[in-house]
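Engineer: Before we start, here is the structure in question, set down as structure tokens.
The values are calculated or read from the model by the stated rules, or taken from the named source; none is laboratory data. From a predicted model like this one, the values you see are computed outputs, not experimental measurements. Note that we place each Cβ from the backbone using ideal geometry, even for glycine, and neighbour counts take in every protein chain shown.
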Amino acid sequence: MVSIQTSRPLIVVGVDGSEASKAALRWAARQAELTGAELRPVQAWRPPPTYGIPVDYSDTDFEEHTRENLRRTVEEMLGEHPKVSAAPQVVEGHPSSVLPAAARDADLLVVGSHGRGAFKGMLLGSVSQHCVQHATCPVLVVRTPIR
């Protein structure tokens, strides 16, 4: 018996507000438009490190701040009336673990590469490299031009 897929394809894209992630979001949105896929922009967040010094963050909502940053980035890249529906998601954790987990049931994971390694411009960043090695779906790494 042949199984027929009844749900739309899913494209997950990592967003952190950087130029590389904006390029990845633009690429993923265009691919979603061409293929009829659902688009899920994902941004990871973590409280800042305290380095052993007690810090009172009780009046700071890091998750809400990240949600607002993601909303603004999606609107900036896709416009107020995008051609594809996007379901942004914020998740607590490090991007290198959050993105492969968010893409567990996806058809494609799209990430940008900062290229901030030892050989800037030649190597993938640590997050994109981790995604390539650990995601259970295909991964596309969008590179921004070297300046």
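Engineer: Taking segment 114-146 only, how many residues are modelled with pLDDT of 90 or more and under 17 Å from Ala28 (Cα atoms)?
Structural biologist: Number of matching residues: 10.
Engineer: Can you find even one residue in segment 86-105 that is polar (S, T, N, Q), farther than 16 Å from Pro138 by Cα and over 15 Å from the mean Cα position of the chain (by Cα)?
Structural biologist: So far as segment 86-105 goes, no, none of its residues is polar (S, T, N, Q), farther than 16 Å from Pro138 by Cα and over 15 Å from the mean Cα position of the chain (by Cα).
Engineer: Among the residues of segment 7-57, which ones are hydroxyl-bearing (Ser, Thr, Tyr) and touching a Ser or Thr at 6+ places or on another chain (Cβ under 8 Å)?
Structural biologist: Ser21
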